[in-house]
Structures are given as structure tokens and as C-alpha cells.
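Student: Let me give you the structure first, and then I'll get to my questions.
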Amino acid sequence: MAEIGKDIDHAKSLLQSGALVAIPTETVYGLAGNAFNPNAVAHIFEVKQRPAFDPLIAHTHSLEALSGLVTEIPDAAHKLAETCWPGPLTLLLPRKSIIPDLVTSGLDTVAVRIPKQALTLELLRQIEFPLVAPSANPFGYVSPTTAMHVNDQLGSKIDYILDGGACQIGIESTIVGFNEAHQPTIYRLGGTSKESIEKVIGPVNVNDHSSSNPKAPGMLASHYSPGKKIILGSFDELNVYSKDRTTAAITFNQPLPGIANEHSIILAPDGEVTTAAQHLFAALRQLDQPDIEVILAEQAPNHGLGLAINDRLKRAAVK
Ligand code: AMP
Ligand code: MG
């Protein structure tokens, strides 16, 4: 088991020595290492069993620190950075050569963001390197949103988990990239809604096509999987599905009739998509139990973070 605590100095000295530390962010918990240290970066891929073709996000604390990592910041990127950072938004920007190839999987852009989590921001301010920090879970499984989730799966492989409580947003960052003409595209829906991005820079395309070749940025077709069969649908569609004692349900704001109480999770009793996002991954984990065979999952409303929730559910449902 890993040690769990709030000791920034301890986290700092481990990271400085090249070790890995799990850190809280507002999106999900990350498995962090020194982005400038190729050994630390390689260790992250090994601990997560993450394929080397899947690039990492570098986390930093300020626009000044960012300028050490990238060669150019397009106007639209700058506007987004000023408005949305610290926050759940990742920008793909042309990288400087100081970034190891392994971080970017050899791509000429690097993914960067400033996270909005007090402990982690303080840690980033105190170290002289950025942190790469993919979700702190074995590759392909549900992302962790508490220190306990991290400990359950990676506790034996890391020394320390910095505990910032439950994640405020609960799903990964939105990823935005720019073409040569500096036109923005969303490559992954996430914790910053499309609407709030468009308020800052106008209309953006979404290109989050599932891919088994993540060189096309974005994500794999199958991900976030709790290892159960998941059936996705509207409340009415799931209502008519035949159920037994091995059926569980994750619904938006009302219980699904015919499901045992202990197998039924309502994501957003208040009807807010942001609440549903906060609870989504914990719900998928909770239903990863031997006596459950099928999870019926209701699609979230198609606005705000609902789009990102539906994206995660869709990928979780792919075997
Ligand atoms: P995460 O697993 O949440 O840390 O997110 C990392 C994801 O960011 C990867 O799976 C890619 O989809 C995306 N990504 C990171 N760097 C790049 C890049 N340079 N170009 C395109 N996508 C990237
Ligand atoms: Mg992940």
C-alpha cells in the first residue's frame, strides 16, 4: 500500500529524485513524474501498462513556465489559457526539444495544462520542472477520482499519494488543438464544455472520432472500462430492458424500476450535468462487483458536460 497524505514537501522530494507520486487534480487523480526526466516518464508507462503511442499531458503552474515548453502560442490558445486556466482544458502546442520524445509519442506538439487543484498547484510552483500525469489507473480501466481509488489499484507500485479529496470535476480535461492556420479543434470532450470554449474563441469543430491509432489525436475506442457489459440508452429504452438480480443501473436523476437498491446509482439527484460528471467514474468502479453482469447506463442530457459523460460511457461500453 502507498502512503497517503497531504505532505507537499514529501511529494516534492520524491519527484525530484525521479520517483512517481499520485497527485490530485480537479479532473481525475494523475500518476505524476518529472516531464524532463525520460526515466521517470518511462516508469509511468510501465506502471500504467500504457502503450508508448499514447502521449502524456504536461502540467505546469503559469504561462511563464509554459513558455519554456512550447515554441508558439496561437492567439486563440492564449485567449483560452487566460480564460480557462487553471482548469480542465488541455492545449496542444508546438513543443520545444527539452520535452522528451516519450512524452509526446514523437509528435511535434505537446499537450499542456494548468490544473485547478490547490495542493497540486502549490507543488508545481515549488518544483522546477513540469509534471506529466496521466490518470493514475491501469491503462484502459476507469479513472480514479479519490486517493483510495488510486491506492486500490496502484498502491503497491508507488510510494506516495497526495490526497486532495474527491475530484471537483470528475472527468478528464477537454483537449483543443490548432491547425497551421491556427484554427481550433476539440479532440477530446471533457471538463470544459464546448459552449464555454466557444464563448471565448467562437465556433470550434469537434473531432473525437474513435481510433485504434491515437496518432490521430484523441482516444481509443475502448477505454474507461469497468470490465462489465454496459448497455447504453435513454431512460425509456433501459426501462423496457429485461432485468434480473445481476443487472445494475447508472441513471441520471431518477431510479430505474426493477433494479435492486444496492445496484442502482443516480448520478445527479439535482439534475445537473456537472454533478453527474463528478460521480460518474466512482459509480462505474462501485458496480465492478462479482455479482453484477450487466450495467444499464442512461445517457446524460446532450449539453455542457453531458457530451463528455456520454463520450466516456460510449467508450466504457466498447469491449
Ligand atoms: P490522459 O490520458 O488523460 O493523460 O490524456 C492524454 C491524451 O491526450 C492522449 O490519450 C491523447 O489523446 C492526447 N494527447 C496528448 N498529447 C497529444 C498530442 N501531442 N497530440 C494529440 N493528442 C495528444
Ligand atoms: Mg486515462
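The values are calculated or read from the model by the stated rules, or taken from the named source; none is laboratory data. What you see is a predicted model, and the numbers here were worked out from it, not measured in a lab. Glycine gets a Cβ as well: all are built from the backbone with ideal geometry, and neighbour counts include every protein chain shown.
Student: Is there any pair linking a residue in the stretch 187-203 that is surrounded by fewer than 20 Cβ atoms within 10 Å (Cβ to Cβ) to one that is part of a helix (DSSP H, G or I) and at pLDDT below 95, with Cβ under 7 Å and at least six apart or on different chains, and which?
Tutor: Qualifying pairs under 7 Å: none.
Student: Right, something else. For residues that are of a type in the set (A, V, I, L, M, F, W, C) and more than 10 Å from ligand 1 (Cβ to nearest atom), scanning just the stretch 120-135, find the one that is nearest to TRP85 (Cα to Cα).
Tutor: LEU121
Student: Right, GLN117: surrounded by 23 or more Cβ atoms within 10 Å (Cβ to Cβ), away from ligand 1 (no atom under 13 Å from the Cβ) and not hydrophobic (A, V, I, L, M, F, W, C) or not?
Tutor: Yes.
Student: In the stretch 169-208, what count of residues is obtained for those that are closer than 23 Å to ARG315 by Cα and within 16 Å of ligand 1 (Cβ to nearest atom)?
Tutor: Counting residues in the stretch 169-208 that are closer than 23 Å to ARG315 by Cα and within 16 Å of ligand 1 (Cβ to nearest atom) gives 22.
Student: Does ALA147 satisfy being among the hydrophobic types (A, V, I, L, M, F, W, C), at pLDDT 95 or above and farther than 20 Å from ARG113 by Cα?
Tutor: The answer is yes for ALA147.
Student: Restricting the stretch 30-60 to residues that are more than 11 Å from ligand 1 (Cβ to nearest atom), assigned to a loop (DSSP other than H, G, I, E, B) and under 18 Å from the mean Cα position of the chain (by Cα), which is surrounded by the most Cβ atoms within 10 Å (Cβ to Cβ)?
Tutor: Among those that are more than 11 Å from ligand 1 (Cβ to nearest atom), assigned to a loop (DSSP other than H, G, I, E, B) and under 18 Å from the mean Cα position of the chain (by Cα), it is ALA35.
Student: A further question on this structure: For the subset of the stretch 61-79 comprising residues that are touching a His at 6+ places or on another chain (Cβ under 9 Å) and assigned to a helix (DSSP H, G or I), which member is nearest to ALA118 (Cα to Cα)?
Tutor: Checked the stretch 61-79; the qualifying residue nearest to ALA118 (Cα to Cα) is LEU63.
Student: Now a separate question. Which condition from (1) over 20 Å from TYR187 (Cβ atoms); (2) among the acidic types (Asp, Glu); (3) more than 16 Å from ligand 2 (Cβ to nearest atom) is the one that ASP75 breaks?
Tutor: (1)
Student: Determine, yes or no, whether VAL150 is farther than 24 Å from LEU80 by Cβ and not basic (Lys, Arg).
Tutor: Answer is yes for this residue.
Student: Which residues, counting only those in the stretch 102-122, are away from ligand 2 (no atom under 16 Å from the Cβ), touching a residue at least 60 places away in the same chain (Cβ under 8 Å) and over 15 Å from the mean Cα position of the chain (by Cα)?
Tutor: Residues satisfying the conditions are LEU102, LEU107, THR109, LEU119, THR120, LEU121, GLU122.
Student: Report, by residue number, each residue of the stretch 139-155 that is closer than 8 Å to ALA2 by Cβ and more than 16 Å from ligand 1 (Cβ to nearest atom).
Tutor: ASN151, GLY155
Student: Quick test of your reading of the structure: SER234 fulfils all but one of (1) farther than 30 Å from LEU93 by Cβ; (2) in contact with a helix residue (DSSP H, G or I) (Cβ under 9 Å, 6 or more places away or on another chain); (3) modelled with pLDDT of 95 or more; (4) not charged (D, E, K, R). Name the failing condition by number.
Tutor: Only one criterion in (1) farther than 30 Å from LEU93 by Cβ; (2) in contact with a helix residue (DSSP H, G or I) (Cβ under 9 Å, 6 or more places away or on another chain); (3) modelled with pLDDT of 95 or more; (4) not charged (D, E, K, R) is unmet by SER234, namely (2).
Student: For the stretch 80-122, enumerate the residues that are out of contact with any His (no Cβ under 9 Å at 6 or more places or on another chain) and in a helix (DSSP H, G or I).
Tutor: Hits for the stretch 80-122 are LEU80, ALA81, GLU82, THR83, CYS84, ASP101, LEU102, VAL103, THR104, ALA118, LEU119.
Student: Shifting gears a bit: Taking the options PHE252, PHE281, name whichever one is more than 25 Å from GLN153 (Cβ to Cβ) and of a type in the set (Phe, Trp, Tyr).
Tutor: PHE252
Student: More than 16 Å from ligand 2 (Cβ to nearest atom) and in contact (Cβ under 8 Å) with a residue 60 or more places away in the chain - does that describe any residue in the stretch 139-147?
Tutor: Yes, the stretch 139-147 has at least one match.
Student: Tally up the residues in the stretch 127-181 that are hydrophobic (A, V, I, L, M, F, W, C) and assigned to a loop (DSSP other than H, G, I, E, B), please.
Tutor: 12
Student: Could you look through the stretch 36-72, keep only residues that are among the β-branched types (Val, Ile, Thr) and over 24 Å from GLU122 (Cα atoms), and pick out the one that is nearest to ligand 2 (Cβ to nearest atom)?
Tutor: My answer is VAL47.
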